[in-house]
1. Among strands (runs of 3 or more DSSP E) lying entirely in segment 1-73, which contain 3 or more residues that are modelled with pLDDT of 75 or more and not charged (D, E, K, R)?
2. Give Ser249, Ser205, Ser187, Ser212 a once-over and let me know the one that is out of contact with any strand residue (DSSP E or B) (no Cβ under 6 Å at 6 or more places or on another chain), hydroxyl-bearing (Ser, Thr, Tyr) and in contact (Cβ under 8 Å) with a residue 40 or more places away in the chain.
3. What are the residues in segment 760-784 that are within 15 Å of Tyr836 (Cβ to Cβ), of a type outside the set (A, V, I, L, M) and at pLDDT 80 or above, if any?
4. For segment 274-289, which residues satisfy the criterion of being at pLDDT 85 or above and within 32 Å of the chain's Cα centre (by Cα)?
5. Cβ-Cβ below 6 Å, separation at least six or inter-chain, first residue in segment 154-180 and among the small types (Gly, Ala, Ser) and at pLDDT below 95, second crowded, with 20+ Cβ neighbours inside 10 Å and not in a strand (DSSP E or B): which pairs?
6. Output the residue which, of all residues in segment 796-833 that are modelled with pLDDT of 85 or more and of a type in the set (S, T, N, Q), is surrounded by the fewest Cβ atoms within 10 Å (Cβ to Cβ).
7. Filter segment 689-710 for residues that are within 44 Å of the chain's Cα centre (by Cα) and among the small types (Gly, Ala, Ser); which is modelled with the lowest pLDDT?
8. Being surrounded by 12 or more Cβ atoms within 10 Å (Cβ to Cβ), among the hydrophobic types (A, V, I, L, M, F, W, C), in a helix (DSSP H, G or I) and modelled with pLDDT of 80 or more, is that true of even one residue in segment 673-680?
Amino acid sequence: MDAVDEWGRKAAVYSAREPVTPFFLHPSDSQLLFSSPSLSPPILHRVPHLTHARFLTVSGGIPPSSSSAIESSFRIPHPNDEAARVLSYNRLQFLPFPGKGSVLVFFPTGTNLDQLGFVVVSVSGDDIRVMGLDKDEAFVAKERFFSRVLKISVQPSSDLRVCNDVGYVMVCLLYSVHWYCVKYDESRGRPVLSYIGGQQFKSSSVASACWSSQLTGECLVLLENCEVYVFELNERHGSGFRGCKMQVSWEDHQGKSWLGCEFGWRLGTFIVARSDAVFVITRSSGSCCSVRALLESESLDMAGTEEFVAFSKAGSDDSFRFLLASSSYLYLCDQRSGVPLLKWPHDVEKPCFMDVYSLSDLGFRTDESTTSCVVVGSFWNAESQMFCYGPSPSVANDSSSLYVWELPHNLLSPAGKCLCGDCAIKEVIMKESLPVWIDWQKKRVLVLGFGVLNKYLPSLSSSDGFTLIQLKSSGKLEALKFRSSPSLGGVVTHRDSTLDEVNLLFFSDDNIYKLPRRFKYLELDYLSAYTKGNLVKFLESRMSKKRSSGGSKKKSDPLSLTYHEELCEKLNLCGFGRDRCSSTVTAVFDSINSPTSVFDIALRETWSSLPIELLLLAFSNYTEVEGVLLDKKKPSLEFLSVPDLPQLPPFLFRKPSRRSSKWSKKVRPGVDLIGPVLPLPVLLTLHELRNGCLYSEQQEFFSPDAEFAERCNQISKAASEMTNSGAGETIISLDDDMWLSQKEKKRFIAYSPITNTDDSEELTKFVSKVRRKDSDDDVVGGGRSGLEVLDDMSPVEICFEERDASFDMKALFMCKALVSQWQDRSTPYQDFLSQYHLHK
């Protein structure tokens, strides 16, 4: 017969006399078993009212097209994507304890879901009882992992004669796996958790893990980098466990996501599922393995580029079959066959989990042990579908003929929810009409985990339905009774729903943003002009306006004569004095006191060529910047100080700030030289404008980037001629000031410490000055003190800022001796010295 629900869909149920499986009536109420905020701590943030692109448009005046391009270039994930990942697994895991007629229900708890908790559920008649540490407090393991629990898996004890052994619990975190042993403590009268160890993975994050259905204490761990490990909890190795890494060779696994892993139907075989294929790993000897593709998405009739999104074993009693889900279809597969046994469509949006139950678990008596029920769903979208599959009742004595039919029930719907067509349509319209910054999930309580209690407590088995345990985002553990019915129950009438529970899944909106909702922006017009290639035109127009206005300095202008003299004196101490030679290439090379790239040498040469008048614009002190107004107020602008040592930009080390937020009467700005406050491209352009080379028809041909690129090219050529590159040396006569003799040429070496890179030569080629050998080098100590003792350990000059510190000279000499021994034994180091004709 064909039963039709209120949507007009057919529930394909075949039967000559009675339905193959019964339908179930959705419960109108539920039984509260346990309630505690620790069952559902807030872990999700609200979706921002404005998307990143919309925020840039509203607050910064950026055009929508540009803001959308900026957002896409940064690849900012949507908050809902993170929420869907958090809710991608069933938080409830059931560990049966037949010795006491109860079941242990495990779940993650803690402020960040970083601890393991559990309660004990038992049945007395028709009453379901829950035992925790207290009335509103669950049993919680004392270990806190400080990382969110991503998956919990349990393994019952295989020896039922030992009533105190309950089983094992495996907890998967992002980069580690931890194991617990569960035993019954007679003195306490309850089960207890015993932490037995864990394994940290530094190479990659954990993708999945599972227990063996054949050997107790054996588990399989799959990492995101496709590494596979097998652990034996019964075999201790020192303080940890003995894990065997499978030697598996994969091909073309980049960009693919791993879905899960399971043990195969025989010992030594493993099933690993990826977004594009399913593989069988066969263990030959030791850790050596062979791998073959069992099923590939390309061989299936899937829409477009659709991939697998979920993987599950087809029940704990079925060693051969497994289930795969894509965004549109479900596949029932067999490890012994490379072709799916069944394929049927589903309507779940972005499915993330699958659970399999036998028909007896659902309160239906059948002689067909191969008939099962699969539940596929999405916790984030609060929807699931139930399908039954098994031998076709229309084909007698043919177990290979399979049949699938749907049970129109959503196990993620809360009890008491109206299921009439009008309410369903209203819910769909509500979800589609909400703005993008409002989550409909925030407006209703979600189911975070569930399980059929009949599967673990045989005393509940009956022919009138099953009992479902739900963990809700309101912090409640509830029991729902689904009663069987021979039909869908006719027309579904409307009923009032009183779902007024508080959703604890999201952080509260109260007082999250306490700062003023005002944003201030600095108008860096020259930066905008520079990015558009109009820097010359922009600066020339600004200078024209200044000249036409003929503005005069105010009395409070900080550029007074005294200030000008002090600033010039500081610039002179830092190497910017007026007595600089007109040709600066040789001077810049002479100032090298540590390995320096060609790019940095070009920067120093460019800075040293600028006139003092422009340097007064680039460098300043806090006396001048205090006069800057922003929104008619004086902000607490802050810059880093120029180092005291004579050196040219870029500055590698700077003094840290001496304040935390604002200048005050107690914390006043210092007199240090600060800067540069103007970037180098602006100063180069001003330099050309000052020389009168850029007006009218010539200004559009000047580019500061091209100018600096030419300087880098000149420095690169000079570095090739002035340094020893390790190859054959020849005497080269250079023009003008760059003439060097063969003896002088050996003062520098040029090398590339990074070989495999696509960067240009000015970033990868470094220049160092060869250290001159002193007469004191052969004398122990050489009259040196402090870190000067180590000067003769390097073949090139490396100078550091002087610091007032006391050193243990005995320790320094011991360190020097050890380094010297390493240098003598190191073949690459000796080859380096020989290549560049250096002395130690």
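1. Values: elements: 2-4, 10-12, 23-25, 31-35.
Correct list: 31-35.
2. Exactly one residue qualifies, and that residue is Ser249.
3. Scanning segment 760-784 gives Lys765, Phe766, Ser768, Lys769, Arg771.
4. Step one: filter segment 274-289 for residues at pLDDT 85 or above, giving 274-282.
Once the filter is applied, which keeps residues that are at pLDDT 85 or above and within 32 Å of the chain's Cα centre (by Cα), segment 274-289 yields Arg274, Ser275, Asp276, Ala277, Val278, Phe279, Val280, Ile281.
5. Gly167/Ser157
6. Per the stated criteria, the residue is Thr827.
7. The initial filter retains those residues of segment 689-710 that are within 44 Å of the chain's Cα centre (by Cα), namely 702-710.
Now restrict to residues that are among the small types (Gly, Ala, Ser): 703, 706, 709.
On the way: Ser703: 83, Ala706: 86, Ala709: 87.
It comes out as Ser703.
8. Yes: segment 673-680 contains one or more residues that are surrounded by 12 or more Cβ atoms within 10 Å (Cβ to Cβ), among the hydrophobic types (A, V, I, L, M, F, W, C), in a helix (DSSP H, G or I) and modelled with pLDDT of 80 or more.
The values are calculated or read from the model by the stated rules, or taken from the named source; none is laboratory data. Note that the structure is a prediction, hence the values are computed from the model and not measured. With ideal geometry, Cβ positions are generated from the backbone for all residues, glycine too; neighbour counts draw on all protein chains shown.
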